[in-house]
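Student: First, the structure itself, so that you have it in front of you.
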Amino acid sequence: MDIAMEKFQDTFDPKPRKFIVWLFVVSSTIMFGGFTSYYLVFAASKGKGHGLVLPDAFIYSSIVIIASSITLFLASKALKKLNFGLQRNLLWVTVILAIVFGVMQFNAWGSMVRTGATLVGNNAAISFIYVVSGIHLLHIIAGVGLIINALAGSYKNIPPAKSQYRMEIASIFWHFIDILWIYLYVFLLLNR
């Protein structure tokens, strides 16, 4: 068993894996940039935006996702100080906040439907809100998977390099989707 651990430590190179995560971040940025560019062109051709007062759940979910980024940052600091108990607790809080974010997104969609703003309707700009927030929610699910992977690593006796790698990957991705949501929310606010 020790030989296998030593072999892993000798062969573990996180750079190629980090590159893949950064490639995903860049491609997602381009995708959401394309969505928002499409929206601007569409709104300009129609002479109007989505015309909605965005649900309060969107602002509350923004606060929740910022809080989750803070807890993930603190979990990374706890790992660097080798405080594994605090790291685990903060990772659990981050997962819970991510779930709360998802529930708030569904609540926002529900309140939009109650006001008559549906995904399929005569206003494609309203459909855009559902599409971008839904695709962002898929990114949240992927981010939760990465955080759970880091959390699972904190319970196992894995090499420190691998544990740090898991936290870095989760942090890169999670902070990206946090910034992405803030961008999308501000974009939707400014383009009513």
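Student: Yes or no: segment 33-56 includes at least one residue that is without any contact (Cβ under 8 Å) to a residue 24 or more places away in the chain, under 20 Å from Ile169 (Cα atoms) and within 17 Å of the chain's Cα centre (by Cα).
Tutor: The answer is no, given that none of the residues of segment 33-56 is without any contact (Cβ under 8 Å) to a residue 24 or more places away in the chain, under 20 Å from Ile169 (Cα atoms) and within 17 Å of the chain's Cα centre (by Cα).
So that you can scan it fast, the table gives a plain yes or no per residue for (1) loosely packed, with under 11 Cβ neighbours inside 10 Å; (2) among the small types (Gly, Ala, Ser):
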site: Phe19; (1), (2): yes, no
site: Phe24; (1), (2): no, no
site: Thr29; (1), (2): no, no
site: Thr36; (1), (2): no, no
site: Leu40; (1), (2): no, no
site: Leu52; (1), (2): no, no
site: Leu74; (1), (2): no, no
site: Lys77; (1), (2): no, no
site: Gly85; (1), (2): yes, yes
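Student: Across segment 123-134, what is the total count of residues that are hydrophobic (A, V, I, L, M, F, W, C) and more than 16 Å from Ser37 (Cα to Cα)?
Tutor: 0
Student: Just to check your reading of the model, which residue among Ala125, Ala152 is in contact (Cβ under 8 Å) with a residue 12 or more places away in the chain, of a type in the set (A, V, I, L, M) and in a helix (DSSP H, G or I)?
Tutor: Exactly one of Ala125, Ala152 is in contact (Cβ under 8 Å) with a residue 12 or more places away in the chain, of a type in the set (A, V, I, L, M) and in a helix (DSSP H, G or I), namely Ala125.
This table checks each residue for (1) in contact (Cβ under 8 Å) with a residue 40 or more places away in the chain; (2) under 22 Å from Phe101 (Cα atoms); (3) polar (S, T, N, Q); (4) crowded, with 17+ Cβ neighbours inside 10 Å.
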{"position": "Val132", "(1), (2), (3), (4)": "yes, yes, no, yes"}
{"position": "His136", "(1), (2), (3), (4)": "yes, yes, no, yes"}
{"position": "Ile140", "(1), (2), (3), (4)": "yes, yes, no, yes"}
{"position": "Leu146", "(1), (2), (3), (4)": "no, yes, no, yes"}
{"position": "Ala161", "(1), (2), (3), (4)": "yes, no, no, no"}
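Student: Filter segment 144-162 down to the residues that are modelled with pLDDT of 90 or more and of a type in the set (D, E, K, R) and list them by number.
Tutor: Once the filter is applied, which keeps residues that are modelled with pLDDT of 90 or more and of a type in the set (D, E, K, R), segment 144-162 yields nothing.
Student: Another question, if that's okay. Answer yes or no: is there a residue in segment 2-17 that is assigned to a helix (DSSP H, G or I), at pLDDT 90 or above and of a type in the set (Gly, Ala, Ser).
Tutor: Looking through segment 2-17, none of the residues is assigned to a helix (DSSP H, G or I), at pLDDT 90 or above and of a type in the set (Gly, Ala, Ser).
The values are calculated or read from the model by the stated rules, or taken from the named source; none is laboratory data. All figures in this text were calculated on a predicted structure; none of them were measured in a lab. Here Cβ is always computed from backbone atoms with ideal geometry, including for glycine, and neighbour counts include all displayed protein chains.
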